[in-house]
Amino acid sequence: MERPTKEQIKALPYYIGLGLSDIIIIESEQQANDALSTLEREVCLGFDTETKPTFRKGEKSPAPALIQLATESTGYLFPTRFEFALNAARMLLSNEAIQKVGFGIKDDNKALRNKLDIEIANTQDLSIILKRKLGEKNTIGARAAVAMVLKQCLRKGAQISNWGAYPLKKSQVLYAANDAHAAICVASALRHL
């Protein structure tokens, strides 16, 4: 297994992952409670966050607007604008019995801790795992990891969009859920290598 070039990644079939019907946006207290009771039974979840991008020099990055968690079959999006969604995500992220896997999650963890007062327990950064496994100098991001491990091309089209706007566009919903979903799928595949 070696790091592919950008051209090699583009030549791979697209990562399909989750469809809209496989994604739950937590927009009510009931959905938050349902997600919590379902996800607290999991041993591992894919994890990511999305933050409204900044474009001006000196502009401070706001708190994450969205927290994404995923199982191998379902994505859960927790908009931090809703207190019930934030509280459910906080309980899941701080649960030591559930491992949270993602790419480059050090910055996610720092932002959640500093801006939303969420302490995350039991995390695994797949970027670092793959870096060590391959003896690479640089960390390996989600797109390269999906190409290397799953032999697919993870699209990053909605990456720089306004995550502070609401409601989310379909492209944002798919992008956000599949970033977390790709992490759980890569982690699962790595266990079987």
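The values are calculated or read from the model by the stated rules, or taken from the named source; none is laboratory data. Predicted model only: the values in this text are computed from it and were never measured. Glycine gets a Cβ as well: all are built from the backbone with ideal geometry, and neighbour counts include every protein chain shown.
In region 16-31, the residue that is surrounded by the most Cβ atoms within 10 Å (Cβ to Cβ) out of those that are within 8 Å of residue 75 (Cα to Cα) and among the β-branched types (Val, Ile, Thr) is 23. A count restricted to region 8-32 and to residues that are charged (D, E, K, R), modelled with pLDDT of 95 or more and not in a loop (DSSP other than H, G, I, E, B) stands at 2. The sole residue among 94, 171 that is over 19 Å from residue 15 (Cα atoms) and among the hydroxyl-bearing types (Ser, Thr, Tyr) is 94.
Is at least one residue of region 89-105 surrounded by fewer than 17 Cβ atoms within 10 Å (Cβ to Cβ) and at pLDDT below 95? Yes, region 89-105 contains a residue that is surrounded by fewer than 17 Cβ atoms within 10 Å (Cβ to Cβ) and at pLDDT below 95. Looking only at region 133-164, filter to residues that are at pLDDT 90 or above and charged (D, E, K, R); which one of those is surrounded by the most Cβ atoms within 10 Å (Cβ to Cβ)? Checked region 133-164; the qualifying residue surrounded by the most Cβ atoms within 10 Å (Cβ to Cβ) is 143. Close contacts from region 86-101, counting a first residue that is more than 16 Å from residue 177 (Cα to Cα) and a second that is surrounded by fewer than 15 Cβ atoms within 10 Å (Cβ to Cβ) and of a type in the set (D, E, K, R), with Cβ to Cβ under 6 Å and a gap of 6+ residues or different chains, come to 94/119. Residue 34 meets each of the listed conditions (1) farther than 25 Å from residue 168 by Cα; (2) touching a strand residue (DSSP E or B) at 6+ places or on another chain (Cβ under 9 Å) apart from (1). Yes or no: region 41-49 includes at least one residue that is acidic (Asp, Glu), buried (at least 17 other Cβ atoms within 10 Å of the Cβ) and within 17 Å of residue 24 (Cα to Cα). Yes, some residue in region 41-49 is acidic (Asp, Glu), buried (at least 17 other Cβ atoms within 10 Å of the Cβ) and within 17 Å of residue 24 (Cα to Cα). Within region 62-97, the only residue that satisfies the criterion of being farther than 25 Å from residue 170 by Cβ and in contact with a Lys or Arg (Cβ under 9 Å, 6 or more places away or on another chain) is 93. Is it the case, given these coordinates, that residue 177 is surrounded by 14 or more Cβ atoms within 10 Å (Cβ to Cβ), in a helix (DSSP H, G or I) and at pLDDT 95 or above? Yes, satisfied.
Applying the condition of being farther than 17 Å from residue 167 by Cα and surrounded by 14 or more Cβ atoms within 10 Å (Cβ to Cβ) to region 54-71 and asking which residue is modelled with the lowest pLDDT yields 62.
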